[in-house]
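Visitor: So that we are looking at the same thing, I have put the structure below in structure tokens.
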Amino acid sequence: MQSNDIRKLLTAVAALGLMMVFLIVSAIGLIVMVQFQPEILTNWFADSKEEVPAVEVQVVDEEWTDEKIEEVGLVQGEGLQLVLANCTNCHSAKLVTQNRFTREGWIQVIRWMQETQGFWDLGSNEDPIVDYLSTHFAPEAKGRRKPLEVEWYSLE
Ligand code: HEC
């Protein structure tokens, strides 16, 4: 072997060694990165830009299934989506369905919430919302418990 060959061999070994060190360091770096931010990996494998809005819509759909709407006592009808979007953020929808008001009554409740509870201005959504409420949750609406028949007696 000539010294020239030995030098070539040494250079090759050194280069290989360097590459190994580089690979190991990158692997460790990657593992540490994934440990602290696992979403980096998921973002790599999923096209997050397209999926995020779809997932958000799904969540809304999943939340208000027909069964759940029925469970809280709401009825299908025009304006339901607006009521779901505006009336279930602060309290249960059951608080809505447990009440019966006239159109004016519902507007009063909304005004009261706006004045004292930080309820937002409904703008052009107010009419369809009040329509929905006063149609399905009117004092004389079906399903409402009849007033108890109380026999009054006088105290002597
Ligand atoms: C910004 C928050 C907020 C939003 C949004 C909201 N409410 Fe309320 N609402 C309240 C609070 C707070 C109360 C009082 C809750 C309590 O007493 O536990 C309340 C009470 C009520 C009551 C009971 C009133 C009474 O006299 O007892 C009804 C009915 C009602 N809300 C209906 C609605 C309807 C219908 C919507 C949508 C149009 C709505 N709420 C949206 C905050 C809100």
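Quick note: the coordinates plus some simple rules give every number you see, no bench work behind them. Every value quoted in this text rests on a predicted model; they were computed, and no experiment measured them. As a convention, Cβ positions derive from the backbone with ideal geometry for all residues, glycine included, and neighbour counts pool all protein chains shown.
Visitor: How much length is gained on full extension from I6 to L155, taking 0.36 nm per residue of separation minus their Cα-Cα distance?
Guide: 41.7 nm
Visitor: Shifting gears a bit: Determine ³J(HN,Hα), in whole Hz, for all residues of the stretch 92-99 in sequence, where each value follows from phi through the Karplus function 6.51 cos²θ - 1.76 cosθ + 1.60 and θ = phi - 60°; x replaces Gly and Pro.
Guide: 4, 4, 5, 5, 6, 6, 7, 10
Visitor: Convert each backbone phi in the stretch 114-129 into a coupling constant with the Karplus relation 6.51 cos²θ - 1.76 cosθ + 1.60 (shift: θ = phi - 60°), then list the ³J(HN,Hα) values in order as whole Hz, x for Gly and Pro.
Guide: In residue order, the calculated couplings are 5, 7, 10, 10, x, 5, 6, 6, 8, x, 6, 7, 5, 4, x, 5 Hz.
Visitor: Ok, one more. Quote the Stokes-Einstein diffusion coefficient, in whole µm² s⁻¹, for the stretch 50-136, based on the Kirkwood radius over alpha carbon pairs, a temperature of 20 °C and a viscosity of 1.002 mPa s.
Guide: Reported coefficient: 155 µm²/s.
Visitor: For W120, what is the net charge nearby, where nearby means another residue's Cβ is under 14 Å from its Cβ and Lys, Arg count +1, Asp, Glu -1?
Guide: Charge balance near W120 sits at -2.
Visitor: Additional query: What order do you get for E156, E67, E39 when you list them from fewest to most C-beta neighbours inside 10 Å?
Guide: Final ranking by Cβ density, sparse to dense: E156, E67, E39.
Visitor: Separate question: Evaluate E = 1/(1 + (r/R0)^6) for T65 and D131, where r is the Cβ-Cβ distance and R0 equals 22 Å; express this FRET efficiency to the nearest 0.05.
Guide: 0.40
Visitor: While we're on this one: Points 7 angstrom from Cα along the Cβ direction at Q117 and L16: gap in nanometres?
Guide: 7.5 nm
Visitor: Please report Rg over Rh for the stretch 3-46, where both radii come from the alpha carbon positions and Rh follows the Kirkwood definition.
Guide: Computed over Cα atoms, the ratio is 1.36.
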